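The values are calculated or read from the model by the stated rules, or taken from the named source; none is laboratory data. This is a predicted model, so every value here is computed, not measured. Backbone-built Cβ (ideal geometry, glycine too); neighbour counts: all protein chains shown. Note: areas computed on protein heavy atoms with side chains; ligands, DNA, RNA excluded. Shrake-Rupley method; radii C 1.70, N 1.55, O 1.52, S 1.80 Å.
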Amino acid sequence: MKQYRIARYGLWVLAATVMSLVGSSVGQGRIKIIKPKDRITIINPQGQDGSTTAQSNTGDFIRLAPVPLSTRENTGTVRQPLVGGSVIDEQRQEDFGLLGYSDGGGVCSASLLRNGWVITAAHCVDATDAMGNFMPDPARPGQNKLNPIGNMTMTATWNTPQSQKVVRVETFRPYDVALIQVAAPFNVHGSTTNYSRLVFQDGQFPYFGEPVGADLLVFGQGISIFASGQGASAVPSVNDGLYRMSYAKATYNKDNRYWYPSVNGQMIAGGDSGGPSFAWVLSGYALVGVHSLTHASYVPGKPNTGWTWVTSTPEAADAPIAPVWPQILNIMGPPPPQPSADPYPPTGNVGNFAKTPPGYQSLWLYGVQPNGDLMWYRKDSNATAWQGPKKVGAGWSGLKDVIAAGGNRLYGLTQEGKLMWYQHDGFNDGTFNWKATREVGNGWTFSRIFSGGEGIIYAIRQDGKLFWYRHLGFRDGSFKWSEAKEVGSGWGDFKDVFSTGQGHVYAVQRDGTLLLYVQKGYETGVKDWYAAQNVGSGWADFQQIIPASDDVILAIQKDGKLLWYKRSVAPRKVAFERVKMRWEGPVQLGSGWQSFGKVVALMPENTPDVVR
């Protein structure tokens, strides 16, 4: 398979994806995509029909049609979930900060980071020579020369249309990312100062900065109906000009991009260079990257250029923002005091669908809603109904993560890496009764953290090393810690890692395998572990996994069902019999839990005078 890179030349979006269909009528074929290293030579910059002819350095000739504005995809940003296929009007476009980029020679999509700062793809602003090649900029090593900044304009087609001239452009090659400053800030819902886009980074629950495996939310104004049929009966694609939403899941990283296939008929259509994709984290939808490449297939026998006869776009790739985010922050400066936020509907119902097995322990659950409200729930036994929901807090969605501390206490990780301590004295009845919040740590810039119970925190560093911390002051919020210790390595590749306390650490592999690691010296941080055990499969598809204690694990399915599991060891019949593991569950405890940013279960202490 020859591969090519999608490029842009002058006025034309060079949708250089070519499919050659051969074999049976079902359309077996191969897709050609332009590689970054391949050189494209423009043979005829503009033919009589408006097309462009190009030749790669591999000798292949490609006929490139201009993409009409009506068929170019544009996407916007969003801070709350929408129903699949929902049409987005001008009001929502403003909510999402959706913009268009033009420079007199081409158009791209873009989105706001702040009122006066915009993010898009670097290849949208990079200049090309007469041969269609990017031109290195000697004044900026590693970057390309830019199109004339004076020709660049950002446009918002909101209820009140706005346009701003560009005054500054920075690119971040080898990542296909560009930062743009405009002459005057955009007015978003009556304000020119308080818009701030959340960005996908390390430490954010539940993906912790790793795009692969993340559920992506993408918006587009591309083709609404793909072409279909064959020969004389073929029907061309249709575009109604309306914005829509689609889902995707990032599956692999390659060439400084993360790739995701189209699923369930929801596909990105059109060029859409620079358009954003998002993933849900505790604080809301975070910007993961900007659209960089896409693949396309065509009706057999029809022109395999442009978008008229496109039948599918099976795969796309975006350039991630996280690797260049520190540089972008350094250029933009401190964020505004209050980020933009949208109202959210209340979370769904919670039911009592089944009885749990005998010996069921009480559960206290805290759910962070997308608007920041903290909701309290309690279930005491296998026969009792849920108590709650009751609102016991606000503003919790601004945190990177929330984990149990032990007893009726929680830790919150701020965007700046501060560790905050909270004690809910109203945990028994769901009253709004809290001890004063205290800062108990700083510099917590790990890939992820998770609770080990009773003040123990495990932290995974970006290089995969695992560290053990014990907060001796977890009961009163005092700044007292044991010495931190490195207790492992190679922990960075798991999809999820959590603990149910007493040194029991579970790790979910990408294929859904559930492994159990037991730290012998968990109370003092000794680097001494039992060999990993394979204790389950099929754990990769849950929306959230919620560790409780004593090897009780709750899991939220994508349809919102809350499931209960418990792992235990079967009693030995004779002294020399081999120890056997057993699982109880799943038991469905509730529904409507899919809209929470995160759900945390209190982890009882092993002393009798606290939560039990």
Subject >> Phe450 being within 25 Å of the chain's Cα centre (by Cα), part of a loop (DSSP other than H, G, I, E, B) and within 25 Å of Gln415 (Cα to Cα) >> reply: no
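For the stretch 317-349, name all the residues that are farther than 14 Å from Arg197 by Cα, out of contact with any Ser or Thr (no Cβ under 7 Å at 6 or more places or on another chain) and either modelled with pLDDT under 80 or not in a strand (DSSP E or B) (or both). Even if it seems obvious, please write down each step before you answer.
Taking the stretch 317-349 and keeping what is farther than 14 Å from Arg197 by Cα, we get 317-320, 323-324, 326-327, 330-331, 343-349.
So of that shortlist, the ones also out of contact with any Ser or Thr (no Cβ under 7 Å at 6 or more places or on another chain) come out as 320, 323-324, 326-327, 330-331, 343-346.
Of everything in the stretch 317-349, those that are farther than 14 Å from Arg197 by Cα, out of contact with any Ser or Thr (no Cβ under 7 Å at 6 or more places or on another chain) and either modelled with pLDDT under 80 or not in a strand (DSSP E or B) (or both) turn out to be Pro323, Val324, Pro326, Gln327, Asn330, Ile331, Pro343, Tyr344, Pro345, Pro346.
Go through the stretch 487-519 and give me each residue that's in a loop (DSSP other than H, G, I, E, B) and under 15 Å from Trp468 (Cβ atoms).
Quick first cut of the stretch 487-519, residues in a loop (DSSP other than H, G, I, E, B) only: 489-495, 502-503, 509-513.
Once the filter is applied, which keeps residues that are in a loop (DSSP other than H, G, I, E, B) and under 15 Å from Trp468 (Cβ atoms), the stretch 487-519 yields Ser489, Trp491, Gln502, Gly503.
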Subject >> Considering residues of the stretch 87-140 that are among the charged types (D, E, K, R) and part of a loop (DSSP other than H, G, I, E, B) only, the residue most open to solvent (accessible area, probe 1.4 Å) >> reply: Asp89
**OP:** Confirm whether Met420 is in contact with a strand residue (DSSP E or B) (Cβ under 7 Å, 6 or more places away or on another chain), farther than 16 Å from Thr437 by Cβ and among the aliphatic types (A, V, I, L, M).
**Re:** no
**OP:** Would you mind finding the one in Trp259, Trp307 that is modelled with pLDDT under 75 and not small (Gly, Ala, Ser)?
**Re:** Trp307
Subject >> Filter result (hydrophobic (A, V, I, L, M, F, W, C), surrounded by fewer than 21 Cβ atoms within 10 Å (Cβ to Cβ) and closer than 27 Å to Gly585 by Cβ) within the stretch 367-419 >> reply: Ala383, Ala385, Trp386
Original post:
Taking interchain pairs and intrachain pairs at least six residues apart, which have beta carbon atoms under 6 angstrom, with the first residue in the stretch 182-193 and modelled with pLDDT of 95 or more and the second surrounded by fewer than 14 Cβ atoms within 10 Å (Cβ to Cβ)?
Top reply: Ala183/Lys165; Pro185/Thr192
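Please verify whether Asp49 is in contact with a strand residue (DSSP E or B) (Cβ under 7 Å, 6 or more places away or on another chain) and either more than 16 Å from Val182 (Cα to Cα) or modelled with pLDDT under 90 (or both), treating the condition exactly as stated. So that I can check it myself, show each step before the final result.
Values: in contact with a strand residue (DSSP E or B) (Cβ under 7 Å, 6 or more places away or on another chain): no; either more than 16 Å from Val182 (Cα to Cα) or modelled with pLDDT under 90 (or both): yes.
So Asp49 does not fit the description; no.
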Original post:
How many residues are open to solvent by 70 Å² or more (accessible area, probe 1.4 Å) and within 14 Å of Met420 (Cα to Cα) if we restrict to the stretch 473-484?
Top reply: 4
Subject >> Selection count, the stretch 505-519, where residues are modelled with pLDDT of 95 or more and open to solvent by 40 Å² or more (accessible area, probe 1.4 Å) >> reply: 1
**OP:** List every residue pair whose Cβ atoms sit under 6 Å apart, with the two residues 6 or more apart in sequence or on different chains, where the first one lies in the stretch 516-527 and is of a type in the set (Gly, Ala, Ser) and the second, anywhere, is surrounded by 19 or more Cβ atoms within 10 Å (Cβ to Cβ) and part of a strand (DSSP E or B).
**Re:** Gly525/Trp468
Original post:
Of (1) outside any strand (DSSP E or B); (2) crowded, with 20+ Cβ neighbours inside 10 Å; (3) charged (D, E, K, R), Arg470 satisfies all except one. Which?
Top reply: (1)
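Suppose we filter the stretch 520-532 for residues that are hydrophobic (A, V, I, L, M, F, W, C) and not in a strand (DSSP E or B); how many remain? Outline the logic, then answer.
Narrowing the stretch 520-532 to residues hydrophobic (A, V, I, L, M, F, W, C): 526, 529, 531-532.
So of that shortlist, the ones also not in a strand (DSSP E or B) come out as 531-532.
Residues meeting the conditions: 2.
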Original post:
Hey, among the residues in the stretch 300-316 that are part of a loop (DSSP other than H, G, I, E, B) and hydrophobic (A, V, I, L, M, F, W, C), which one's surrounded by the fewest Cβ atoms within 10 Å (Cβ to Cβ)?
Top reply: Trp309
